[in-house]
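*Asks:* Take this structure, written in structure tokens, and hold onto it; I'll ask about it next.
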Amino acid sequence: MNEMKLSKRLATVAGYIPKDAVFADIGSDHAYLPCYSILQGIAKAAIAGEITDGPFISAKKQVKKCELSDVISVRQGDGLSVIEEEDSIDCITIAGMGGGLIKRILEEGSTKLSGVKRLVLQPNIHAIYIRQWMIENGWQLIDEDIIDEDNKIYEILVAEKGNPMLPYKTYSLEANLLLGPILAKKKSDVFQNKWTQECNHWRTIVKQLEQAGHTYENNEKYKELSNQIRLVEEVLQA
């Protein structure tokens, strides 16, 4: 992977960045996504944000190598703190983190979101936390994608300001939050494979809990997994 050829995961994220956007890529690592997006004529300017020294230095080197220092600003800081008002950021990308961490970044940087028109978020796990945050903060899911790369499954969530409940109509809210309302409608092969495997895994744990005997912790876990299996079946069997 380099600034001319992204991984399938990051290329999918890049595909949702609006034309001529000024965007901030949070947790930019080597700044491949900003460099690619500028070189491909997708975005016109970008911020590459990193919190740790190593990736921050790597990003600066990459931007300099691509001779893009005039349109990509590499900054070190926590989450959205790297964004300044005068940047006029209209899109934010956050990829390759857990859903809980992405939610925390958005919550702690809420004051930086006022002028942002689009969020493109790629959680490695726990996308449900991001969907819950969107509902609570007035962001509407306008698209979702799910891909399989190197035997790992990734979800991409795209949101803009609007009616946060609009996509959540086909199935129960609980099922939609877990599986994704747009993904649940599309029911791609990758989506069905992911949740079939998850269900099979949960069923195995449920059987083990049944055999282990009743403790408070076992009972709570049993209820949680049984409910998740029910929610997945609600969608897959519809």
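*Asks:* Any chance you could count how many residues in region 83-110 are part of a strand (DSSP E or B) and among the aliphatic types (A, V, I, L, M)?
*Replies:* 4
*Asks:* Residues of region 124-171 being open to solvent by 10 Å² or more (accessible area, probe 1.4 Å) and basic (Lys, Arg), which ones?
*Replies:* Lys152, Lys161, Lys169
*Asks:* Same structure, new question: Is it the case, given these coordinates, that Asp90 is among the acidic types (Asp, Glu) and more than 18 Å from Arg118 (Cα to Cα)?
*Replies:* Numbers: among the acidic types (Asp, Glu): yes; more than 18 Å from Arg118 (Cα to Cα): no.
Criteria not met by Asp90.
*Asks:* Separate question: Being in contact with a Cys (Cβ under 7 Å, 6 or more places away or on another chain), buried (at least 24 other Cβ atoms within 10 Å of the Cβ) and within 21 Å of Glu85 (Cβ to Cβ) is the filter here, so list the residues in region 18-48 that pass it.
*Replies:* Scanning region 18-48 gives a single hit, Phe23.
*Asks:* Have a look at Asn193, Asn219 and point out the one that is in a helix (DSSP H, G or I) and touching a residue at least 40 places away in the same chain (Cβ under 8 Å).
*Replies:* Criteria check complete, one pass: Asn193.
Conditions tested, residue by residue: (1) under 25 Å from Leu6 (Cα atoms); (2) over 14 Å from the mean Cα position of the chain (by Cα).
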position	(1), (2)
Asp150	yes, yes
Tyr154	yes, no
Pro164	no, yes
Pro167	no, yes
Glu174	no, yes
Asp189	yes, yes
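*Asks:* Would you tally the residues in region 146-173 being in contact with a strand residue (DSSP E or B) (Cβ under 7 Å, 6 or more places away or on another chain), farther than 18 Å from Glu198 by Cα and not in a loop (DSSP other than H, G, I, E, B)?
*Replies:* So the answer is 6.
*Asks:* Kindly provide the set of residues from region 196-216 that are over 25 Å from the mean Cα position of the chain (by Cα) and either in contact (Cβ under 8 Å) with a residue 12 or more places away in the chain or in a helix (DSSP H, G or I) (or both), ordered by number. If you could, list the steps in order and put the result at the bottom.
*Replies:* Residues of region 196-216 over 25 Å from the mean Cα position of the chain (by Cα): 203-216.
Across region 196-216, the qualifying residues are Arg203, Thr204, Ile205, Val206, Lys207, Gln208, Leu209, Glu210, Gln211, Ala212, Tyr216.
*Asks:* Using the structure shown, decide if Leu121 is more than 21 Å from Gln228 (Cβ to Cβ), at pLDDT 95 or above and surrounded by 15 or more Cβ atoms within 10 Å (Cβ to Cβ).
*Replies:* Details: more than 21 Å from Gln228 (Cβ to Cβ): yes; at pLDDT 95 or above: yes; surrounded by 15 or more Cβ atoms within 10 Å (Cβ to Cβ): yes.
Answer is yes for this residue.
*Asks:* To continue, here is another question. Could you please give the count of residues in region 105-118 that are farther than 19 Å from Ala21 by Cα and surrounded by 15 or more Cβ atoms within 10 Å (Cβ to Cβ)?
*Replies:* 3
The values are calculated or read from the model by the stated rules, or taken from the named source; none is laboratory data. Please read all numbers here as calculations on a predicted model, not as lab measurements. So basically every Cβ, Gly included, is an ideal-geometry build from the backbone, and we count neighbours across all protein chains shown. The accessibility values were calculated without ligands, DNA or RNA, using every heavy atom of the protein model including side chains. Shrake-Rupley method; radii C 1.70, N 1.55, O 1.52, S 1.80 Å.
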